[in-house]
Amino acid sequence: MRTASILGDWPTTEAQARAIQDELRTRVVLDEPGPEPGTGHVTGVDVAYDDERDLVAAAAVVLDAATLELVEEATAVGRISFPYVPGLLAFREIPTVLAALDTLGADPGTVVCDGYGRAHPRRFGLASHLGVLTGLPSIGVAKNPFTFSYEEPGASRGSFSPLLAGDEEVGRALRTRDGVKPVFVSVGHRVSLDTACAHTLRLTPRYRIPESTRRADALCRRALREAAASGRAD
DNA sequence: GCGACAG
DNA sequence: ATCTTGTCGC
């Protein structure tokens, strides 16, 4: 029901989308440390696309933050709501992600997005946007540095270096596994950068990418396959 | 003006 | 994101 009202005035043009980001950005909360890593729940969200069939599938996977065991998972399928434009990714992913989150019975805890939060041209990436719309603490963990610069962090897990937009630190390049390419962590909503990195390290005991994101990725791909096979969307 | 550019 | 087989390595 909430999703319907949000889709009601979903932007059509890039200019409208940017204006929405500029307005919602003022509601981001950056002065809370956020939930203690390793306590409560952590929820991974991800989205998969079938542009041919105009289908999008989202998944939300709730994990126990201490054990990383599955608590609950949800999916939603819909139509593509916006083209991919660098800097406007949220408008492509958020409607279906919200639909999936809405069906969860468990408290999502901290939401982990596959993308950026503050590390964004207007400091309002997917994780920030999702955080503001849901009120939930959120962080972004991306696989690429986008347009930002960074110096290679030390080779061991836990090493990090600032992710920079000019001389402004908008996130961190964080090494989650020894000798493996870093991930790019930024704050979404109601979580500090230190806490966001601590969460990310707890979520990567085995792989470079957070367990939450890996599970959400697998789940939304499966949901997309099934939706394409049965030919439904809603 | 041209190229780069989260997923 | 997605198109795609085998293959090198732990």
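Just so it is clear, none of the values below were taken in a lab; they were calculated from the coordinates. Computed from a prediction, not measured in an experiment: that's the story for all the values here. Cβ coordinates were reconstructed from backbone atoms using ideal geometry, including for glycine residues, and neighbour counts include every protein chain displayed.
In what sequence, highest mean first, do A:27-33, A:161-167, A:194-200 appear when ranked by Cβ atoms within 10 angstrom? Each step should come with its number before you reach the end.
On the way: A:27-33: 13.3, A:161-167: 15.4, A:194-200: 22.0.
Order by mean packing, descending: A:194-200, A:161-167, A:27-33.
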Check: C-alpha center region A:8-59 vs C-alpha center region A:158-209, spacing in Å is 19 Å
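Can you tell me the dipole magnitude for region A:51-156 around its Cα centre, using point charges on the Cβ only (Lys, Arg +1; Asp, Glu -1), in Debye to the nearest 20?
Here region A:51-156 has a charge dipole of around 520 debye.
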Among A:170-178, A:217-225, how do they line up by average Cβ neighbours within 10 Å per residue, starting with the highest?
A:170-178, A:217-225
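Tell me, what is a quarter of the convex hull surface for the C-alpha atoms of region A:1-125, in nm² with one decimal? Let's see the in-between values first.
Details: hull surface 33.0 nm².
The Cα convex hull of region A:1-125, projected and averaged over all directions, gives 8.3 nm².
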Debye, to nearest 20: dipole size of region A:2-230, +1 on Lys, Arg Cβ, -1 on Asp, Glu Cβ
360 debye
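Projected area of region A:72-228, taken from the Cα convex hull and averaged over every viewing direction, in nm²? Can you show the working numbers first?
Numbers: hull surface 36.6 nm².
If you wrap the Cα atoms of region A:72-228 in a convex hull and average its projections, you get 9.1 nm².
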With the dipole of chain A defined by +1 on each Lys or Arg Cβ and -1 on each Asp or Glu Cβ, the option from A:GLY44, A:SER159, A:PHE124 whose Cα lies farthest towards the positive pole is A:SER159
Restricting to Cα pairs below 8 Å that are 6+ residues apart, what does the relative contact order work out to for chain A? Please round to a whole percent.
23 percent
Arranged from highest to lowest average of other beta-carbon atoms within 10 Å per residue, in what order do the peptides A:111-119, A:17-25 appear?
A:111-119, A:17-25
